[in-house]
1. Where both partners of a DSSP beta bridge lie in the range A:1-138, what percent of those bridges are antiparallel, to the nearest 5?
2. Considering the options B:I124, A:A87, B:W178, tell which one lies farthest towards the positive end of the dipole of the protein assembly as shown, charges being +1 on Lys and Arg and -1 on Asp and Glu at the Cβ, about the Cα centre.
3. Quick one: what are the phi-derived ³J(HN,Hα) couplings along the range A:129-134, Karplus 6.51/-1.76/1.60 with θ = phi - 60°, whole Hz, x for glycine and proline?
4. Skipping prolines and chain starts, which residues have an amide H placed within reach, meaning under 5 Å, of the one on B:T68, given they are 5 or more residues away or on another chain?
5. Cα atoms only, the protein assembly as shown: Rg and Dmax in Å?
6. List the residues whose amide H sits under 5 Å from the amide H of B:V7, counting only those 5 or more places along or on another chain, with H placed 1.01 Å from N in the peptide plane.
7. Would you mind giving the mean number of other chain beta-carbons within 10 Å of the Cβ of each residue in A:160-173, as a whole number?
8. Evaluate peptide A:58-65: per residue, the Cβ atoms of other protein chains within 10 Å of its Cβ; return the mean as an integer.
Amino acid sequence: MHIGGVKLVFAGPVGAGKSTAIRAIADTEPVSTEMPLVDGAIGDKTTTTVALDFATVILDEGAPLFVYGLPGQQHFEFIYSIVIEGALGVVVLLNGRDLDVSNQCERWLHTIRGINKSIPIVIGVTQTDSNPDFTLKPIREVLRRYQSPAPAFTVDARSRDEIAQLVRALLLAM
Amino acid sequence: MKIVLRVAGVNERAEQRLRMACKLLEANGYRIAIDPWDGTKCDVLVVDGQDTYGLHALGIARRRSVSTIALTSGPVPSDVQGGQFLDQNEPVLSWVQTLQYTLSERAIEPKEPGPNRDASASAIGLCRLAQDPDLKSMDLLASFGDRRMIVSVSKGRVIAKSEADLLQLRSQLAETGWNFSPLSGAQTDLHGISASLDSFYTEGALAAAEKLPLYSSEKLRLLDWPDLGAAIKFVGALTIAKILLQRQADMHSISEETKIDLWDVSACLWAFAASGLLHSHAAGAGHAISTPATQPAKTSRKDAGLFARLAERFGLVLQRN
């Protein structure tokens with residue numbers, strides 16, 4: 001599978017809000033490969049992405065930025081290196097309601113760094129407003145252990161402005 | 001108060017001199033933002049008195065009673081009689097004096113400089129949070145008037161009963177009259193809206209930048225990125241954070257490098273300090289996140305163009321050269 005053009009990748013576990021975030025910043029209707037969850041809904045989430053999310057953001061003069069959302073299921077890991085190759089950077093979205101969010105952060109850092117040691121990364125943690133015990137501190141500790149200068153922000157995946165803020169931080173990391 | 005100064009038809013050399021003069025005035029407490037004239041309201045308009053576009057802007061500004069300074073290099077054309085004029089070959093000190101006179105005509109006085117800073121900082125809510133080590137080390141119940149919020153330093157969150165309370169309290173961070181007390185078990189029943197503490201402080205500080213005293217001029221460092229996910233109103237905070245993560249810097253050098261207003265840089269520093277993320281250079285040395293081992297490839301012209309387009313599309317203010 002050939003994927004070319006200027007691209008930005010959203011990665012992260014199932015339920016972190018990747019599809020929602022891509023929809024928030026896209027200028028075109030995202031192509032989404034959603035299927036119902038086989039084990040029933042998880043809260044408000046009733047579907048899951050079973051392949052890639054894809055959308056475009058239009059830069060000036062009509063040039064496109066291709067935005068890809070990696071599927072969060074581990075059995076799709078084989079396509080990560082294909083999608084990430086040549087990307088400007090990776091926005092890793094994590095779910096702030098996950099009890100092991102710091103482990104998820106470490107897993108995704110490890111996976112992405114295994115593909116590309118120097119690609120810019122930014123971490124966005126969603127749904128933190130509904131978890132009164134959430135704190136960024138363990139994620140910051142993971143980033144320090146990885147000697148990674150990646151920004152880690154709490155964001156609302158539905159917010160165009162806050163997802164754009166993640167992209168801005170990614171641009172500064174380039 | 002921030003002075004809005006616009007330029008029209010002014011060449012690059014003259015604009016450089018104008019910026020130098022404004023920087024010198026900044027040291028005396030003036031806060032001046034320079035932008036191209038766009039026809040909107042401003043405090044002072046500086047034009048090239050021998051440029052057609054400049055004269056056009058001058059005419060409009062005069063009708064609106066905006067203070068004007070017309071730059072000349074030779075005999076003063078009749079069109080620029082009235083208002084201030086300045087030979088653009090004059091030394092920068094003359095530019096400073098002309099600007100200062102123009103501003104005084106509009107009754108614009110500089111903000112009170114530093115000597116009162118210590119006294120006022122000890123009373124302003126955000127400054128107390130930034131400077132008092134006890135307040136920075138524990139979870140607090142903070143109240144202003146009849147509104148309350150939990151400042152959870154341990155979790156980096158702020159919690160209030162409602163969004164309205166949160167916004168109101170954020171707008172009062174630069175006021176005196178705050179009450180802080182250690183959070184007791186009985187008070188943890190304050191549920192409602194939870195938000196990022198770093199973003200709360202940053203947005204609150206920037207909205208009231210003029211009310212805050214200037215931060216100290218020492219060299220500073222960040223060891224972690226502040227959580228600026230929701231601090232979307234001023235993207236310069238990202239740039240300031242990036243600089244402080246890469247190296248020690250003081251607010252003047254940051255303002256100089258980024259062309260971000262000194263008071264906005266200072267406001268960000270107050271916010272980062274209140275979050276407990278800001279360190280003096282002595283404390284921060286040796287613990288910072290190192291830069292990646294692999295050096296980035298030399299940026300090609302094509303990459304620079306792409307970066308500029310991405311930055312524009314996503315609203316990232318680029319550093320001016």
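Readers should treat all values here as calculations from the given coordinates under stated rules, not as data from a laboratory. Just so it is clear, the structure is predicted and the values come from calculations on it, not from any experiment. We place every Cβ from the backbone using ideal geometry, glycine too, and count neighbours over all the protein chains shown.
1. Within the range A:1-138, antiparallel bridges account for around 45 percent of the total.
2. With unit charges placed on the Cβ atoms, the residue in question is A:A87.
3. Using θ = phi - 60°, the values come out as 5, 9, 10, x, 9, 5 Hz.
4. Under 5 Å from the amide H of B:T68 lie the amide H atoms of B:L45, B:Q84, each far enough along the sequence or on another chain.
5. Every Cα atom of the protein assembly as shown included, Rg and Dmax give 25.2, 84 Å.
6. The answer is B:D35, B:W37, B:V46.
7. On the way: counts 1, 5, 6, 2, 6, 12, 3, 6, 11, 9, 3, 8, 9, 6.
That works out to 6 on average.
8. The per-residue average across the peptide is 3.
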